[in-house]
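Step one of this worksheet: look at the structure below.
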Amino acid sequence: MSQDLFQAPDYYQLDDLLTDEHKLVRDAAREWVKREISPIIEDYAQKAEFPNQIIKGLAEIGAFGPYIPEEYGGAGLDQISYGLIMQEIERGDSGIRSTASVQSSLVMYPIWKYGNEDQRQKYLPKLASGELMGCFGLTEPDYGSNPSGMVTNFKDKGDYYLLNGAKMWISNAPFADIAIVWAKDESGRIHGLIVERGMEGFTTPETHNKWSLRASATGELIFDNVKVPKENLLPKKSGLGAPLGCLDSARYGIAWGAIGAAMDCYDTALRYSKERLQFGKPIGAFQLQQKKLAEMITEITKAQLLAWRLGVLRNEDKATSAQISMAKRNNVDMALTIARDARQMLGGMGITGEYSIMRHMMNLESVVTYEGTHDIHLLITGLDVTGLNAFK
Amino acid sequence: MKILVCISHVPDTTSKINFTDENSKFDTNGVQFVINPYDEFVLTRAMWFKEKQGASVTVVNVGNATNEPTLRKALAIGADEAIRVNADATDGYFVAKQLAEVVKNGDFDLILAGRESIDYNGGMVPGMLAGILDFNFVNACIGLEVDGNTATVIREIDGGKETLNTNLPLVIGGQKGIVEEKDLRIPNMRGIMMARKKPLSVVEPVSFDATTQSIKFEKPEAKGAVKLIDANNVGELINLLHNEAKVI
Ligand SMILES: Cc1cc2nc3c(=O)[nH]c(=O)nc-3n(C[C@H](O)[C@H](O)[C@H](O)COP(=O)(O)OP(=O)(O)OC[C@H]3O[C@@H](n4cnc5c(N)ncnc54)[C@H](O)[C@@H]3O)c2cc1C
C-alpha cells in the first residue's frame, strides 16, 4: 500500500467537544495505526491472515477494555474514549477493529458485568494485556438474526455442565484462548459460559474463502460433550438480555468504528481528486466528483455528531438499545455508501490494493451484517417508534 | 542527572496557515497542535537517559493554558513532571529569559531543546538560553552521551559531523539523529493513565518586556504558471527575463 497520508476530517470542529484526554488517547491510537497497521494491513488482508504480532500493541494503546476499571487491568476511561479508539483502529481496518471490539465488548464486558469476583480477577487483567484472547459465540448455523432460537445447550451433571452444540461466524475463534458461549439450560433459559481452549470436545475450525474481513480470523465453535466446570457459568445475568447487553456495547463501538473507515475513504478520494488530471483538470474540479465529496463530508459530520451524542448518553448511562441500534445502522450504512462512491472516484486505481478503499468496502459488507443486520436494525427502530413488532 | 526538556507547542505541519488581527497574529482556529518535532527527538533521548542512567526529566513550556495538552503528552510519554510558564511566548529572547529562571530555580544539569521550532523557525532560544546562563552550548546536535560530568556530543556541520567533549551544565539544540524517527514514542495507555497523576505546575513569568513585536505576516506568493521555452530560442528567454520577469 502507498504511504499513509491520512488527515482526519473535522468539518464542524467537533474536537472542541472532546477533552484533552480524549484527544491524547485518540491521537495515540491514530499514530499507532499509522505506524503499525497501515504498512502491513494490505498484505495480511491479501493473505487472509490475522497479524498476531499486533496484539501486544493493541493492548498497549488501550484497545482491550479501555472502560474496564483499573482494578481489573483496564484503563478506566469513558465511553467516548472507547469510541475514539475503535474509530482509529477501523480507520486502519475493520477486521482489526473487530478483534478489539470482540475482546472489549463481547468478552471483557460480560465477565465484568455478569461475572463474579473470582472470574473477573482470573480473566480480566490477562484479557486487557492481550495475554489471553477471547471470542463470543452467539450465532448458530440455523439461528442468526433470531438468536433466541439457539439449540446449543448444557445439562447439569452435578459436578459440571455438559455442553453440546455449534456456533458459526465467530470472530477470533481460530486463535481465542477462551470463548464466551451462550447456551440454553434444561429449562431453555440462555446463560453465558466461559469455555477454555483445551477442554475436551471443544474445537474451533477456521472459516476460509471470505471476501470480507480477510485480516480477521473467523471460525466455528464446536462443542461435543464438553465438560465445563460449574464455576465457569456467568452468574449475574441470564436470558437473551445478557448477550444483547454485550451487543449494545459492541454496536456502540461499531458506530464509531464505521466513521473511521468512512474518513479513510473520504480522505483518500479527496487527495486523489486533487492529484488526478483528466481533460486537463484535476478530477476534483468536476461537479459530479464534488457532489460525491460534498455528500461524503456531510454524512461523516452527521455520523460524528451522532456518535458523540450517543457517547455522552452512554457516559450518563442513559442510552437505550434502540438509540444504539440507530447509530450502528446509520453509521455503517454511511460508511458503506462512502466506500462505494470513493472507490468509483479512484477509477481503476480504486480496485487495487494500492489504496485502502476496496478493502474497507469489502470489510464493511461484514460490518453491515454482523451485530444485527441493517434490516434488523430498521425493525428495531420500527418497533421502538410504533410499538408494533414486525420481526415475526 | 536532572534534565530539563524545553517543549514548544506548534501547529501540525499539515495545518492551514491563516492570520487574524490585520495579519498580525496567527489564526489558531481549527488548527491541531503538536510537540515541536525537533523537541520530540530530544525528549525521546531524555527518556533514554531516564531509563538507562536514572536521570529525572522535567518538561517546560512558556505559553498559556491551551498548551497544556502538549505537556500532558510529554508526561504520558514518560517525563516525570511538567512546568508551564504562564505567558504568551512573544519572541525568542523573552522565552529564553523565562526558561533561564526555570533552570536556575530547578538546578538542572542538562537542558535539551530542539534546534528550532517549526512554527516561527527562529532557532534562537537554545543559544540565547545558554548565553544568559553562561552554560556550554552545542547546536544541531545529532548524538549525545553523558558520563558523569562530561558529555560527548556530535553535531552536524557543513558537509560532515564534528565530535566534541564538553562539560555539564550544558544546553543542547538537538535534531533528528539524536534519536531516529523509529525511536519516537507513542504514548501508551499506561503512560496516559500515569500522566493524570504527575505534577504540572504553573509558574508566573518574570517581568520583562519583549523587545520585538510582530507587525505583519504574509504568506508566500502562490506558485505561478510555468512557461517552457525551447532550448533553441535563447533570445526569447532573455527577452522574457528582461521585459516580463524583470530579473536581468
Ligand atoms: C465476518 C463475520 C464475523 C462475525 N462474528 C460473529 C461473532 O464473533 N459472534 C457471533 O455470535 N456472530 C458473529 N457473526 C454472525 C452475525 O452476527 C450474523 O451473520 C448476523 O447476525 C446475521 O445472521 P445470519 O448470517 O444467520 O443471517 P440471517 O439471519 O439468515 O439473515 C439473512 C437475511 O434475512 C434478513 N432477515 C432475517 N430476519 C428478518 C426479519 N425478521 N425481517 C426481515 N428480514 C430479516 C436479514 O436482515 C438478512 O438480510 C459474524 C458474521 C460475520 C459475517
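The values are calculated or read from the model by the stated rules, or taken from the named source; none is laboratory data. Keep in mind the model is a prediction, meaning the values are calculated, not measured. Backbone-built Cβ (ideal geometry, glycine too); neighbour counts: all protein chains shown. These area figures cover heavy atoms from the full protein model, side chains too; ligands, DNA and RNA do not enter into them. Shrake-Rupley method; radii C 1.70, N 1.55, O 1.52, S 1.80 Å.
Numbers at a glance
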quantity	calculated
P(r) tail fraction, the range B:153-222 - alpha-carbon pairs more than 15 Å apart, %	80
Sites A:Lys113 and B:Tyr120 - FRET efficiency at Förster radius 56 Å, r taken between beta-carbons, to 0.05	0.60
Whole-Hz couplings from phi, Karplus 6.51/-1.76/1.60, listed for the range A:278-285; x for Gly and Pro	9, 6, x, 9, x, 4, x, 8
Projected area averaged over orientations for the range A:219-297, convex hull of C-alpha atoms, nm²	9.5
Separation between Cα centres of the range A:95-157 and the range A:1-74, rounded to whole Å	22
Exposed-loop-free span, longest in chain B, where GluC sites (Glu not before Pro) count as exposed if DSSP calls them loop and at most 14 other C-beta atoms lie within 10 Å	B:23-179
Shielding by other protein chains, A:20-33, mean Cβ within 10 Å	4
Count, lysine Cα pairs under 24 Å in the range A:14-129, 8 or more residues apart or across chains	9
Relative frequency of Cα-Cα separations exceeding 23 Å in the range B:13-125, percent	30
Percent carbon-and-sulfur accessible area, the range A:28-94, ignoring ligands, DNA and RNA, probe 1.4 Å	45
Radius, Kirkwood style, for the protein assembly as shown when every pair of distinct Cα atoms is counted (Å)	27.5
Accessible area (Å², per residue) of the range A:1-77, counting only protein heavy atoms and a probe of 1.4 Å	45
Dimensions in Å of the range A:1-111 - Rg and Dmax from alpha carbons	14.2, 42
Span-rule helices in chain B, defined as complete DSSP H runs reaching 20 Å or more along the axis (Cα) with Kyte mean at least -0.5	B:92-106
Aspartates and glutamates whose Cα lies under 14 Å from that of B:Lys97, excluding same-chain neighbours fewer than 8 positions away	B:Asp88, B:Asp134, B:Glu204, B:Asp209
Overall Cα dimensions of the range A:125-218 - principal axes, largest extent first, Å	40, 32, 22
Gyration tensor (Cα) of the range A:276-357, equivalent ellipsoid semi-axes in angstrom	34, 13, 9
Inter-part distance where the range A:306-352 and the range B:38-109 are each reduced to a Cα centre, Å	40
Interface B:A - total buried accessible surface [probe 1.4 Å, Å², rounded to 100]	1700
Loop GluC sites (Glu not before Pro), the range A:245-343 (other Cβ atoms within 10 Å of the site Cβ: 10 or fewer; DSSP)	A:Glu316
Carbon + sulfur, % of accessible area of the range A:241-386 - ligands and nucleic acids excluded, 1.4 Å	56
Residues B:Asp134 and B:Val202, FRET efficiency given R0 of 22 Å [Cβ-Cβ distance, rounded to 0.05]	0.20
Burial of 20 Å² or greater, the range B:67-101 residues [accessible area, probe 1.4 Å, versus chain by itself]	B:Pro69, B:Lys73
Percentage relative contact order, chain A, counting C-alpha pairs under 8 Å, at least six apart	18
Protein accessible area in the range B:2-219, 1.4 Å probe - carbon and sulfur %	46
Gyration tensor verdict on the range B:2-219 (Cα atoms; rounded if a/c is under 1.5, prolate if a/b is larger than b/c, oblate otherwise)	rounded
Quarter of Cα convex hull surface for the range B:54-105, i.e. mean projection, nm²	3.9
For the range B:2-219, size of Cβ-based charge dipole, Lys and Arg +1, Asp and Glu -1, in debye	700
Principal axis dimensions, the range A:241-386 - Cα atoms, whole angstrom, descending	58, 27, 24
Cα-based Lys pair tally, the range A:134-232, threshold under 27 Å, eight or more apart or on separate chains	14
Protein-protein interface of the range B:155-193, residues with accessible area decrease of at least 50 Å², isolated chain reference, 1.4 Å probe	B:Ile186, B:Met189, B:Ile192, B:Met193
Where Cα atoms sit under 27 Å apart: lysine pairs in the range A:241-386 separated by 8 or more or lying on different chains	12
Nitroxide proxy distance, nm - points 7 Å out along Cα→Cβ at A:Glu196 and B:Glu51	3.3
Spin-label pair A:Leu388/B:Asn105, simplified geometry with 7 Å Cα→Cβ offset, distance in nm	7.2
Pairwise label distance in nanometres, B:Val234 with A:Ser187, each label 7 Å out on the Cα-Cβ vector	10.2
